[in-house]
């Protein structure tokens with residue numbers, strides 16, 4: 001939050017090397033080290049106990065609503081709640097971009113954070129269709145709630161570890177998901193006239209070996225500090241003007257910690273609350 005930006009776009013679970021290969025948005029690419037290796041840690045270490053009432057947070061990821069971060073921002077747009085795709089069990093980048101633009105126009109005197117869920121799985125696109133059904137860790141979240149712990153589908157990383165899908169296909173789906181998201185990010189950047197940064201909250205392990213754990217690892221476990229997980233892009237688009245962000249009392253919204261939230265988090269593959 002101490003960095004210099006007016007609009008911040010977060011691509012969930014995007015590796016630096018992946019972004020460097022695929023990015024189509026014009027700007028100056030730098031690198032940063034994330035404070036966390038997974039979204040819950042990223043949210044806690046950046047926002048817990050703070051007040052940023054000059055900032056609006058637009059999110060496709062319901063994790064925010066489980067971390068006790070009420071009244072951190074002036075307003076929060078829960079796009080995961082208003083634009084959930086039941087079939088894919090995620091929020092499409094198109095729906096997210098529309099919500100971001102709505103918030104941008106509604107709050108011209110606020111800094112804006114736009115937290116896309118892509119390229120985090122469930123992957124989208126043709127390669128994702130070849131992988132087939134893959135979900136999150138419903139088992140863990142239902143267990144935490146004291147419910148019958150059942151999983152609807154394995155995660156893409158579990159399929160990969162089990163040898164049920166090819167690693168090249170998973171990389172293709174992962175990359176394609178980022179490509180689709182970047183199309184919408186580019187549209188937003190074209191609409192924004194101020195200084196904008198595109199970054200990520202964390203990366204992913206895709207078969208790397210981490211000592212002393214031995215074999216190849218996948219996904220984004222909490223508190224595992226490797227480059228693949230914490231090295232993130234920081235793409236700076238200077239813009240033509242700057243915002244004069246004003247701090248105002250937060251817009252009251254009810255925190256939702258219902259089973260609906262945690263089920264949706266399970267679809268996204270989060271384990272740590």
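Computed quantities for the displayed model
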read-out: Wholly enclosed strands (runs of 3 or more DSSP E) of the stretch 168-240 bearing at least 2 residues without any contact (Cβ under 8 Å) to a residue 12 or more places away in the chain; value: none
read-out: Exclusive hit being surrounded by fewer than 23 Cβ atoms within 10 Å (Cβ to Cβ) and at positive phi, set 71, 83; value: 71
read-out: Qualifying positions in the stretch 1-19 - outside any loop (DSSP other than H, G, I, E, B) and touching a strand residue (DSSP E or B) at 6+ places or on another chain (Cβ under 6 Å); value: 7, 8, 9, 10, 11, 16, 19
read-out: Residues satisfying the stated conditions in the stretch 48-68, i.e. in contact with a strand residue (DSSP E or B) (Cβ under 8 Å, 6 or more places away or on another chain), surrounded by fewer than 24 Cβ atoms within 10 Å (Cβ to Cβ) and either without any contact (Cβ under 8 Å) to a residue 24 or more places away in the chain or more than 13 Å from residue 110 (Cβ to Cβ) (or both); value: 64
read-out: Conditions (1) buried (at least 18 other Cβ atoms within 10 Å of the Cβ); (2) in contact with a strand residue (DSSP E or B) (Cβ under 6 Å, 6 or more places away or on another chain): number failed by residue 27; value: (1)
read-out: Count - residues of the stretch 98-138 that are in a helix (DSSP H, G or I) and either at pLDDT below 90 or crowded, with 24+ Cβ neighbours inside 10 Å (or both); value: 2
read-out: Members of the stretch 9-24 that are surrounded by 20 or more Cβ atoms within 10 Å (Cβ to Cβ) and over 13 Å from residue 177 (Cα atoms); value: 9, 10, 16
read-out: Filter pass, residue 244 being at pLDDT below 95, more than 15 Å from the chain's Cα centre (by Cα) and part of a loop (DSSP other than H, G, I, E, B); value: yes
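The values are calculated or read from the model by the stated rules, or taken from the named source; none is laboratory data. Worth saying up front: this structure is predicted, and the values here are computed from it rather than measured. Here the Cβ is made from the backbone with ideal geometry for all residues, glycine too, and neighbour counts use every protein chain on show.
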